[in-house]
Structure formats: C-alpha cells, structure tokens
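Please read the structure below before turning to the comments.
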Amino acid sequence: MIPPFSFTRIPHIIFGIGKLNELYNLIPKIQEITKECIQKERNSLPHDKDRFTEEKSYLDEFFNFIQKKWTLDIIHLLNIFGEIHYNKIKKSLKGISSRILTDRLKLLEEKGFVTRIVHDTRPVRISYQLTEYGEGFILLLVPIVSFYNFYRK
C-alpha cells in the first residue's frame, strides 16, 4: 500500500532531494517569467465581462474535476507505478469503493489523463496508466507543490 496523496511528498518522489533543491531555486525565475507573460496578456488582450466569465468557467471546471475525492490519489498512484491493474489500485487506496474508483477512472479517461488497457487474457485483465497528457499534468503539479512547500515554511 502506498501512503495517501501528500502535497509534500510529490516533488521528493519525482525528483529526489538534490533535484528538488534545484527546483526550489528556479521558483523565483518561474514567477518572474509568468509575471511577464501575464503583463503582456493584460496589455494586449481586451478584458471584458464575457472573457472573464469564460475564463472563470474553465478554472471552475478544472478545479471541480481535480478536487473530487480520490482523483489526485489515483493520478499519484499511476505516476508511481506506471501501468497498474484495477485491483491493485483498489487495494492501494484504502477506503475507496469500487463504484467510486470506476467513476474516477472513467472521468480521468474522458478527460485524457488515463488510458484503459484491456489485456486479451482469460479472465480479461484491465489496467490503467497515465497518458502523455496525465504525465504532463504531474510535471505541472510539481512546481505548484514545490511553490507551496517553499513558501509555507
């Protein structure tokens, strides 16, 4: 069984301590570049009520999806193990019901984070793995988590 999803563990698992320090050192540069990009957008694009409403709806949709219970746990688990059988996911996530696990995996598949793999065996074996998009999400999550860890101290 893996430990439950933890914001403080993700960067350590992916990078290790040495690389994590390098990532922490990059945070101010990432912030500076991001600030420049935001300023350019502010100066070049019209901001009106319709655009604000549209952008907010995208943010709401994303955060509603990602904050659903077990979603980050499943993504974290798939990141650690790569391709993993449904039953191993269920055993690793203590307390998750079969219905919720199935619902979350379907949602992750619909959103493009996860690929469902049907193995041609008897009995049929189903496993899951992160897509390139899902792996990209992990890579985006790491700086966010590192930012949180850096400034919470």
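Every number in this text was worked out from the coordinates using simple rules, so none of it is lab data. Here the structure is a predicted model, which means the values were calculated and not measured. Backbone-built Cβ (ideal geometry, glycine too); neighbour counts: all protein chains shown.
Numbers below:
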| item | result |
| --- | --- |
| Selection from the range 124-152 of residues that are over 18 Å from residue 90 (Cα atoms) and outside any helix (DSSP H, G or I) | 131 |
| Single residue of the range 68-103 satisfying the filter (in a loop (DSSP other than H, G, I, E, B) and among the small types (Gly, Ala, Ser)) that is nearest to residue 142 (Cα to Cα) | 82 |
| Answer residue from the range 82-105, given it is under 17 Å from residue 126 (Cα atoms) and basic (Lys, Arg) and is surrounded by the fewest Cβ atoms within 10 Å (Cβ to Cβ) among those | 99 |
| Unmet requirement for residue 106, which otherwise passes all of (1) assigned to a helix (DSSP H, G or I); (2) over 17 Å from residue 85 (Cα atoms) | (2) |
| Test: residue in the range 69-81 that is over 18 Å from the mean Cα position of the chain (by Cα), of a type outside the set (A, V, I, L, M) and closer than 17 Å to residue 125 by Cβ | no |
| Selection from the range 70-106 of residues that are touching a strand residue (DSSP E or B) at 6+ places or on another chain (Cβ under 9 Å) and of a type in the set (A, V, I, L, M) | 74, 75, 77, 78, 84, 89, 105 |
